[in-house]
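Structure first, then comments.
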Amino acid sequence: MIYLDNSATTRPHQDVLETYTKVSYDYFGNPSSLHTLGMEAEGLLTKARSAIADQLHVSAKEILFTSGGTEGNNLAIKGTAYHKKSRGRHLITTEVEHASSYETYKELEADGFEVTYLSVDSNGRVSLEDMKKAIRKETILVSIIHVNNETGTIQPIEEIGQLLSHFPQVRFHVDDVQGITKVPLNIKKAKIDLLTASAHKFHGVRGTGMLYVRNGVRLKPQIHGGVQEMEVRSGTEHVAGAVAMARALRMEMEKAQKEKSHLVKLHSKLIHILPTINGVTINSPLEKSAPHIINFSVESIKPEVLIQSLSAKKIYVSTKSACSSKLAEPSRVLLAMGKDSKAAGSAIRVSLSYETTEQEIDVFLSELKKIIPTLVGVRK
């Protein structure tokens with residue numbers, strides 16, 4: 001098996017699964033309970049929070065556990081919008097956000113908020129000048145994806161943060177689901193107020209995630225019924241998931257230090273060889289792009305047909321975002337970058353992990369060279 005769909009989800013590390021199982025079985029008490037089992041579970045949750053905070057160089061009090069990226073983005077965006085609505089109802093985002101952010105903004109528009117969707121250039125990147133022009137007295141939130149989940153485009157987060165530091169009424173939220181452990185980001189230096197991450201994108205287990213909430217930032221809770229997670233997110237805490245996430249984050253951060261060049265090498269190979277294959281066009285930018293995501297189109301072939309043909313060889317890739325891959329319409333992200341409907345409707349995403357080998361990339365490229373002419377011939 002050659003798994004090249006790591007931006008959709010990653011296989012949990014064996015050590016992470018063992019940690020998850022042990023904590024689930026041995027520390028099953030409710031962290032809110034006052035008895036010994038509850039206090040032991042609460043202690044593990046506290047240690048996990050501190051361990052994650054240490055990796056991100058923030059305070060443990062600034063880490064809020066969630067169920068993943070979708071909940072984190074919803075909580076950050078809605079929680080800010082509804083908490084600060086008395087000060088303004090104008091929000092800023094981009095045309096290339098993940099669906100969990102984009103659709104949240106659409107819902108807020110229906111509830112009376114005004115949203116500015118910043119356009120992007122042909123590389124999928126926003127303009128700082130456009131950002132500055134969009135900010136008004138009524139603006140209360142700017143939300144930007146760090147690494148685009150379809151193309152790998154890296155947004156100028158630090159520069160945006162510096163710009164927004166001159167507008168203290170504006171909160172700055174970053175969706176870092178695809179960037180964390182792959183593309184370095186200094187939360188404090190970038191002056192970020194809220195940041196979303198999801199464990200299953202870095203070899204943790206599904207159903208666990210975190211939201212960084214800068215000290216002093218307030219959110220209106222979106223889930224009610226308890227006082228857990230700083231009284232912002234009610235519900236019995238997922239202790240095993242949090243502990244496993246802390247371990248997965250540490251492991252992947254260590255790999256990032258040692259194996260970043262490996263990912264860069266694989267990415268470079270794909271970027272240089274894919275365009276030499278007849279019919280293939282690269283959509284990802286060649287510069288300022290994440291080392292683990294490559295998006296390309298084969299306009300003469302339906303993407304689902306190509307994916308199934310590769311799957312028959314036990315090679316697994318995807319179309320656009322996994323959250324939207326079953327939708328037939330062209331990629332919203334690629335259309336925003338100026339791609340035509342044919343390119344946007346035939347896109348394939350290859351996404352790597354630190355475990356991906358050069359041999360696997362060579363096999364993928366070899367099989368792709370064989371499959372494309374065959375499928376084009378069938379179509380004719």
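Structure data summary
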| quantity | calculated |
| --- | --- |
| Matching residues, region 326-345, being closer than 23 Å to residue 269 by Cβ and modelled with pLDDT under 95 | 343 |
| Hits in region 188-204 - residues which are over 22 Å from residue 82 (Cβ atoms) and either among the polar types (S, T, N, Q) or buried (at least 20 other Cβ atoms within 10 Å of the Cβ) (or both) | 190, 197, 198, 199, 200, 201, 202, 203, 204 |
| Any pair with Cβ under 9 angstrom, 6 or more apart, that starts in region 142-165 at a residue that is assigned to a strand (DSSP E or B) and ends at one that is open to solvent by 10 Å² or more (accessible area, probe 1.4 Å) and of a type in the set (Gly, Ala, Ser) | 142/134; 147/289; 153/289; 154/289 |
| Residue satisfying all of: in region 334-354; charged (D, E, K, R) and in contact (Cβ under 8 Å) with a residue 12 or more places away in the chain; surrounded by the fewest Cβ atoms within 10 Å (Cβ to Cβ) among these | 342 |
| Residue within region 114-135 that is among the hydrophobic types (A, V, I, L, M, F, W, C) and under 30 Å from residue 19 (Cα atoms) present | no |
| Restricting region 220-239 to residues that are assigned to a loop (DSSP other than H, G, I, E, B) and over 24 Å from the mean Cα position of the chain (by Cα), the residue that is modelled with the highest pLDDT | 224 |
| Any hit, region 96-106, residues being of a type in the set (Asp, Glu) and touching a Gly at 6+ places or on another chain (Cβ under 7 Å) | no |
| Single unsatisfied condition, residue 253 versus (1) surrounded by 24 or more Cβ atoms within 10 Å (Cβ to Cβ); (2) among the aliphatic types (A, V, I, L, M); (3) under 18 Å from residue 354 (Cβ atoms) | (1) |
| Filter result (in a loop (DSSP other than H, G, I, E, B) and either at pLDDT below 95 or open to solvent by 10 Å² or more (accessible area, probe 1.4 Å) (or both)) within region 93-112 | 95, 98, 111, 112 |
| Where residue 323 falls short, out of the listed (1) modelled with pLDDT of 95 or more; (2) surrounded by fewer than 16 Cβ atoms within 10 Å (Cβ to Cβ) | (1) |
| Residue count, region 326-354 (criterion: charged (D, E, K, R) and within 19 Å of the chain's Cα centre (by Cα)) | 3 |
| Residue list for region 279-306, filter: open to solvent by 70 Å² or more (accessible area, probe 1.4 Å) and either out of contact with any helix residue (DSSP H, G or I) (no Cβ under 7 Å at 6 or more places or on another chain) or of a type in the set (Phe, Trp, Tyr) (or both) | 287, 288, 302, 304 |
| Residue ID - most open to solvent (accessible area, probe 1.4 Å), chosen from residues in region 129-171 that are closer than 29 Å to residue 350 by Cα and of a type in the set (D, E, K, R) | 159 |
| Selected residue [assigned to a strand (DSSP E or B), aliphatic (A, V, I, L, M), free of Cβ contacts under 8 Å to residues at least 40 places away in the same chain and buried (at least 19 other Cβ atoms within 10 Å of the Cβ)] from 126, 174 | 174 |
| Neighbours by Cβ (under 8 Å, 6+ apart or cross-chain): first from region 100-113, at negative phi; second at pLDDT below 95 | 100/323 |
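The values are calculated or read from the model by the stated rules, or taken from the named source; none is laboratory data. Since this is a predicted model, take the numbers as computed values, not measurements. Heads up, the Cβs are rebuilt from the backbone with ideal geometry, glycines too, and the neighbour counts pull from every protein chain shown. Ligands, DNA and RNA are stripped out before the accessible areas are found, and what is left, the full protein with its side chains, is counted by its heavy atoms. Shrake-Rupley method; radii C 1.70, N 1.55, O 1.52, S 1.80 Å.
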